[in-house]
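Participant: Shown below is the structure under consideration.
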Amino acid sequence: GLKALLRQDPEVTLVGEIRDAQTAAMVFQAAMTGQLVISTMHARSAADALRRLLDMQVPPHHLLSGLNLLLCQRLLRGACAQCRDERRPSSSQADRQHELREGNEPLVRCARCGGSGYAGRVLLAEQLPPLEGELARTLWQSADTRSLARIAQSLGMRTLDTLTTEAARAGRVHANESIRYGLG
């Protein structure tokens with residue numbers, strides 16, 4: 001498995017998912033030796049992923065030196081470009097508390113999207129700021145997810161909720177997508 005692969009001393013390793021403490025330990029041990037390790041894990045936010053790694057007993061000093069980038073991403077259904085301009089949400093529709101109509105259907109129909117109002121996907125990615133300064137100090141204190149998120153936001157991290165609202169205001173997604181994905 002993974003242990004045997006890491007003995008081969010690859011420069012880049014792709015680990016499908018970090019699900020447990022043993023996998024997390026191996027991933028960060030490899031990262032500490034200079035290997036680029038790319039992996040996934042299930043989390044609601046970037047701060048939640050960081051907290052989960054701490055809960056898996058990854059020491060803070062391993063996170064500080066072995067973690068180069070942490071993204072939390074969502075793929076939302078994109079608004080159809082053909083009919084979206086006629087259905088652009090008002091500021092109140094795109095705000096955190098969305099008012100949904102029965103059935104969550106777009107108001108305008110078109111032949112391009114088959115009447116669904118959706119076409120393609122839109123990627124939203126929340127990027128954790130570099131683990132330094134106040135964020136690093138908070139990490140050493142084993143802070144809760146909210147504290148980590150609050151500090152990351154104060155350092156410029158844009159949350160999935162904010163990104164969803166911005167995408168809805170720009171007409172790239174429908175306002176109800178944030179509710180569909182538990183954002184907002």
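The values are calculated or read from the model by the stated rules, or taken from the named source; none is laboratory data. Owing to the predicted nature of the structure, the values given are computational and were not obtained by experimental measurement. Heads up, the Cβs are rebuilt from the backbone with ideal geometry, glycines too, and the neighbour counts pull from every protein chain shown.
Participant: Do we have A136 as more than 18 Å from the chain's Cα centre (by Cα), surrounded by 14 or more Cβ atoms within 10 Å (Cβ to Cβ) and at pLDDT 90 or above here?
Facilitator: So A136 fits the description; yes.
Participant: List pairs: first in the stretch 69-86 and more than 26 Å from A47 (Cβ to Cβ), second basic (K, R) and modelled with pLDDT of 85 or more, Cβ under 8 Å, 6+ apart or cross-chain?
Facilitator: Listed pairs, sorted by first residue: G78/R121; G78/R172; A79/R172; R84/R172.
Participant: Considering only helices (runs of 4 or more DSSP H) fully contained in the stretch 113-184, which possess at least 3 residues that are within 22 Å of L76 (Cα to Cα)?
Facilitator: Answer list for the stretch 113-184: 160-169, 177-180.
Participant: Okay, moving on. Any residue in the stretch 117-143 that is without any contact (Cβ under 8 Å) to a residue 40 or more places away in the chain sitting within a Cβ distance under 7 Å of a residue that is not hydroxyl-bearing (S, T, Y) and not in a helix (DSSP H, G or I)? List the pairs, counting only those 6 or more apart or interchain.
Facilitator: What qualifies is P129/L155; P129/G156; P129/M157; L135/P129; L135/L155.
Participant: Another question, if that's okay. Just the residues that are over 24 Å from R158 (Cα atoms) and crowded, with 18+ Cβ neighbours inside 10 Å, please, taken from the stretch 19-55.
Facilitator: Correct list: T23, A24, M26, V27, F28, A30, A31, V37.
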